[in-house]
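First comes the structure, then the notes that go with it.
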Amino acid sequence: MIYYLAGLLTVALLPSLSSVYYIFPVLMLLLHPFLRYRALLYCLGVLVATLYGAWQLHHRLPLALDGTDVRLGGVVLDLPQHSDQRVRFELAVDQVLTEEPSLKRLRRVQLSLYQPEQIIKAGQYLELEVRLRSPRSLMNPYASDRELYYLQNRLDATGYVRQLYLQSDVTGWSLPGFRQELSDRLHLRFSEGHSSWLLQAIVLGSRLDMSAEHWEVLRRTGTAHLLVVSGLHIGVAAGAGLLLGRLLMAGVLLCGFTSVWLRRIPLLLALLLAVSYACIAGLGLPVQRALIMVTIFLMAEWFLKQVSGWARWRWALAAILTCQPLALLQPGAWLSFSAVAVLLWLAQTCKRPDTSAWRLAGQAQWAIFVGMLPLMALLFNQFGLLAPVVNLIAVPLFSLLITLLPLLIPVSLAGSESVVWGVAQFLDYFWSGLQWSADIPGVFMLLARPDPIVVAIASMACFWLLMPLPLHWRWVSVMALLPLLWPRSSEVPPGEFHAVVFDVGQGLAVLVETHQHRLLYDTGPGFVGGGSALPFTIAPLLRAQNVNHMEHLVISHGDFDHAGGYPSLKQMMSIGLKEGGSEDLISLGFQSCHERQEWVYGGVHFRYLTPAPQPEWSRNEQSCVLEVRNGACSLLLPGDAGLPVEFGLVRTGQLRPVTWLVAGHHGSRSSSSQVFIEHLQPEYVIYTAGYNNRFGHPHDDVVLRFDRFGVNARNTATDGAIVLHAKKGGCETRSWREERRRYWHSR
C-alpha cells in the first residue's frame with residue numbers, strides 16, 4: 001500500500017506530466033525478485049495518477065484560447081450563488097457552437113452573470129454566449145490553490161455571460177432540479193432564525209447562506225465538520241439504515257419468514273440511505289470520499305469476510321485515492337482518515353466491556369482532539385481547548401437530527417407547523433449554544449504555522465499521550481507539545497528585509513518585513529459588488545505567521561486597485577501607523593506621506609521620495625513613492641506615480657540605483673520613462689498586472705524600454721507572487737509560481 005501511495009504522491013509533486021519519464025528507471029527494479037512487487041505497486045500508482053492528470057488536462061481550456069467568445073448550451077449544476085449584482089453558477093456543457101476541438105472538449109464551466117434580469121436555478125437548460133477564461137488562479141504563499149480546485153472538480157474553464165439566449169426547465173426528473181426544488185421549499189418553510197441556513201448546509205451541503213461570522217463560530221468551537229457534509233453525516237445515515245434494516249429484519253423473522261438474504265437487508269438500507277443523502281448533498285469531493293469509505297466498510301459484512309477495521313481503512317484509502325489521486329494534497333482527506341485511524345486505534349486499546357457510553361464518547365473526543373492536534377496546527381493554525389467538550393455534546397445531538405431528517409423533512413414540507421417549529425427551535429438553541437461557547441475567553445488560540453520538525457515531534461508526543469500507560473508516564477509528553485504554542489520569532493535578522501509582491505490581479509500589495517516590524521504597502525484591489533482580494537491573497541500569509549497587528553500601513557493613493565482591501569484589513573487586525581498620499585485617505589485618518597522623510601526599522605532604511613503634490617496633479621501623481629534599502633539591496637515602490645513625478649525626482653537628484661523596481665502604474669505607458677530607468681538602473685523590474693488584463697498592462701513600449709537597458713523582468717500575472725530576500729551578502733529573487741509549480745498549474 002505504501003508503495004502505491006508513493007507513486008500517486010510522486011506524480012502529484014511533479015512540475016509537469018512530461019517529467020514522469022524520469023521515473024522510468026524504476027522499472028529496472030522489476031528485475032529484482034525482492035523489489036519486484038514493491039516496484040510494481042509504485043509504478044501502478046504512477047500510472048493511475050498520470051492517467052488521471054492527463055485526462056483532466058485534456059479537457060481544460062488552453063491558455064491560447066483565453067478570452068475566447070463562444071456560444072454554448074448546458075444544464076445548470078449545483079445551487080447558483082446569488083448576490084445583488086451577480087449570480088455565479090456551474091454549467092454542464094452539452095453543446096458548443098464552434099469547430100475548435102479544444103472548445104468541444106469542455107465538460108463543465110463556472111460562469112458569472114452580471115446585473116441579472118433572470119433568476120438562474122439549478123436544473124435549468126441555458127443557451128448563452130460567454131467569454132471563457134482558462135482556469136488560472138492567483139499564486140501566493142499559503143493561499144489556497146484554486147487551479148487544483150478547478151482540476152479536481154472538473155471545471156475546465158471560467159468566464160462570464162455576454163448574452164443569454166434561452167432559459168428553460170429540463171423536462172423530466174434531474175438531480176440538480178430536485179436539489180433546487182428542495183432548497184426553495186426549505187427556504188419557504190424555514191424562513192426565520194438560524195434554521196433557514198443551517199438546514200441548507202445540513203441537508204443540501206450548501207454554504208451559500210453562511211457568513212464569515214458563522215464560520216468564525218464554527219472555527220472557534222471546532223465544529224465546522226458538522227456543517228460540511230462528509231464522513232459524520234454519511235456515516236450516521238448509513239447507521240440509521242442499519243438500525244432500520246435490523247428492525248425490518250426482526251419483523252420479517254417474527255412473521256416466520258427465514259432466508260439467508262435477510263441479513264443483507266440492513267446493509268442494503270444502509271447503502272441506500274448513504275447514497276441518497278450523498279446525492280441530495282451534491283456529491284462533492286468530501287461526500288464522495290465518505291461514501292466510498294462507507295461502501296468499503298459495508299462490503300466486508302456483505303460477503304461475510306473477517307476483515308479487520310485497519311484492513312478496511314487501508315482499502316478505503318486505496319479506493320479513494322485511486323478515484324481522486326490528488327486527495328493526497330487535500331486537508332479534508334488527511335483529517336478524515338486520521339480521525340478514523342484514531343478511533344480504530346482507540347477501539348483496539350480500550351476494549352473494556354464495563355465502559356459506559358458517555359465514557360466511551362468522552363474517550364473518543366479526547367483521542368481525536370489529541371491525535372488531530374498537530375494536523376490542526378499545521379493545516380489551520382489553530383488550537384481549541386473547548387472543542388472536545390463542545391463536540392461531546394454537539395455530535396450526539398447532530399447525529400440524532402441527521403437520523404430523523406428522512407422523517408422530519410417530508411413532514412415539515414407537507415405542512416406540519418409543529419414539526420417546523422420544533423426543528424427551528426432546536427437549531428436556534430443549538431446555534432445559540434455554539435455562539436455562547438465561542439465567546440468564552442481563553443479557549444481558542446491562533447498559532448503560527450509550525451515547522452515540519454515541530455509537527456513531527458508533536459505527533460510522536462500525541463501518540464505517546466494516547467498510549468494505555470500510567471498517567472504519570474504519559475503527561476511527560478506534554479512538554480514536547482509546547483513548541484506548537486510558541487509564537488514564531490522574527491525570521492528576519494537585523495539589517496535585512498524580506499518583501500513579498502503579492503499576486504493580486506490588477507492591483508498592488510507589497511509586504512515588507514524587517515526585524516520585528518512589518519510594513520504593508522497597498523492592500524490590493526476591491527470588488528464592485530463588495531469584498532476584496534485581500535482575504536485570499538494577503539491574509540493567508542499573515543495568518544500563517546499569526547500576525548494580528550500591522551505596525552505600519554502605507555496606501556499609495558485612494559484608487560480601488562490599491563486601497564480596496566483596506567476594509568478587510570481593518571476587520572482582520574489592528575493597524576498602527578497609517579500613511580497615504582491622496583486627500584481621500586487623509587480624510588479617513590491617514591497621515592500624509594508627503595510630510596515625512598525617512599526612518600529606520602531593524603537596521604533597514606525607509607525613505608519617501610514624493611514631493612509635495614501640485615494642485616493640478618491627478619490622484620495617481622499623489623502616490624507615495626517609497627524606497628527601502630539595507631546597503632546591499634534596495635526596493636522602490638512608486639505606486640501609480642507617472643511621468644510628472646518621475647521627471648521631478650530626476651530633477652531633484654533623489655534617485656539612486658535600486659535592485660528591484662515595481663513598475664509604476666502596473667506597467668502603463670504613462671510611467672517608467674527612459675530617463676527614470678536610466679537614473680535607477682534597476683536589476684529587476686516587477687510588473688503587477690492581472691493576467692490578460694483589459695488594459696494591456698504592461699504596455700509593449702514599457703517592456704521594450706526595460707529590455708533595452710537589460711533589466712530582468714518579473715510579472716505577477718505569469719510568475720505569481722515575487723518573493724524578495726535582501727540579505728547582507730546578496731539579493732535573492734524568487735517566483736512563487738515557479739517554485740511551487742505542479743503539473744496542473746498554467747504556464
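The values are calculated or read from the model by the stated rules, or taken from the named source; none is laboratory data. Values in this document were obtained by computation on a predicted structure and should not be read as measured data. Don't worry about glycine lacking a Cβ; one is built from the backbone with ideal geometry, like all the others, and counts go over all protein chains shown.
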Using the structure shown, decide if Leu29 is under 24 Å from Leu148 (Cβ atoms) and surrounded by fewer than 18 Cβ atoms within 10 Å (Cβ to Cβ). no
Picking from Gln180, Gln163, the residue that is closer than 30 Å to Ser137 by Cβ and either exposed (fewer than 15 other Cβ atoms within 10 Å of the Cβ) or aromatic (Phe, Trp, Tyr) (or both) would be Gln163
Scanning region 642-680 for residues that are over 29 Å from Pro525 (Cβ atoms) and touching a Ser or Thr at 6+ places or on another chain (Cβ under 8 Å), the one surrounded by the fewest Cβ atoms within 10 Å (Cβ to Cβ) turns out to be Pro657
Condition set closer than 21 Å to Gly639 by Cα and in contact (Cβ under 8 Å) with a residue 60 or more places away in the chain, scope region 529-554, selection surrounded by the most Cβ atoms within 10 Å (Cβ to Cβ): answer is Ile538
Across region 586-599, the tally of residues that are touching a residue at least 24 places away in the same chain (Cβ under 8 Å) and in contact with a Lys or Arg (Cβ under 8 Å, 6 or more places away or on another chain) stands at 1
Against the definition (touching a Phe, Trp or Tyr at 6+ places or on another chain (Cβ under 8 Å) and under 22 Å from Gly720 (Cα atoms)), how does Pro535 come out, yes or no? no
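Would you confirm, using the coordinates I've provided, whether Gln163 is modelled with pLDDT of 95 or more and farther than 30 Å from Trp431 by Cα?
no
Residue by residue, here is whether (1) over 22 Å from His605 (Cα atoms); (2) modelled with pLDDT under 90; (3) not assigned by TED's automatic domain parsing to the domain that holds Ser137; (4) not hydrophobic (A, V, I, L, M, F, W, C) holds:
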site	(1), (2), (3), (4)
Asp522	no, no, yes, yes
Lys570	yes, no, yes, yes
Gly580	no, no, yes, yes
His594	no, yes, yes, yes
Of Leu232, Leu243, Leu253, the only residue that is at pLDDT below 85, assigned by TED's automatic domain parsing to the domain that holds Asn391 and either surrounded by 21 or more Cβ atoms within 10 Å (Cβ to Cβ) or within 29 Å of Ala414 (Cα to Cα) (or both) is Leu232
Taking region 714-747 and the residues there that are under 21 Å from Val512 (Cβ atoms) and aliphatic (A, V, I, L, M), the one that is surrounded by the fewest Cβ atoms within 10 Å (Cβ to Cβ) would be Val723
Note on region 569-593: residues touching a helix residue (DSSP H, G or I) at 6+ places or on another chain (Cβ under 8 Å) and not in a strand (DSSP E or B) are Leu569, Met572, Met573, Gly581, Ser582, Glu583, Leu585
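Only one of these is in contact with a Gly (Cβ under 9 Å, 6 or more places away or on another chain), in a helix (DSSP H, G or I) and either among the small types (Gly, Ala, Ser) or over 17 Å from Tyr743 (Cβ atoms) (or both): Leu5, Leu9. Name it. Break it down into steps so the answer makes sense when it comes.
Details: Leu9 fails: either among the small types (Gly, Ala, Ser) or over 17 Å from Tyr743 (Cβ atoms) (or both).
Going through Leu5, Leu9 in turn, the sole match is Leu5.
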Those helices (runs of 4 or more DSSP H) completely within region 635-735 that have 2 or more residues that are under 36 Å from the mean Cα position of the chain (by Cα) and more than 18 Å from Tyr608 (Cα to Cα) are 700-708, 716-719
Filter region 220-256 for residues that are closer than 24 Å to Ala438 by Cα and either acidic (Asp, Glu) or assigned to a loop (DSSP other than H, G, I, E, B) (or both); the one that is nearest to the chain's Cα centre (by Cα) is Val228
Checked against (1) modelled with pLDDT under 95; (2) of a type in the set (Phe, Trp, Tyr); (3) under 23 Å from the mean Cα position of the chain (by Cα); (4) over 23 Å from Glu216 (Cβ atoms), Phe502 satisfies every condition except (1)
Suppose the filter is surrounded by fewer than 22 Cβ atoms within 10 Å (Cβ to Cβ), of a type in the set (Ser, Thr, Tyr) and either closer than 30 Å to Ala458 by Cα or not assigned by TED's automatic domain parsing to the domain that holds Pro374 (or both); does Ser587 pass it? yes
With the first residue restricted to region 230-243 and required to be touching a residue at least 12 places away in the same chain (Cβ under 8 Å), and the second required to be crowded, with 19+ Cβ neighbours inside 10 Å and of a type in the set (S, T, N, Q), Cβ contacts under 6 Å at 6 or more apart or on different chains are Gly231/Ser336
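State whether one or more residues within region 645-658 are acidic (Asp, Glu) and within 23 Å of Gln506 (Cα to Cα).
Within region 645-658, the first condition is being acidic (Asp, Glu), and the residues that meet it are 646.
Narrowing further to those that are within 23 Å of Gln506 (Cα to Cα): 646.
Yes, there is a match, as at least one residue in region 645-658 is acidic (Asp, Glu) and within 23 Å of Gln506 (Cα to Cα).
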Restricting attention to region 485-499, does a residue exist that is closer than 18 Å to Phe383 by Cβ and either crowded, with 19+ Cβ neighbours inside 10 Å or aliphatic (A, V, I, L, M) (or both)? yes
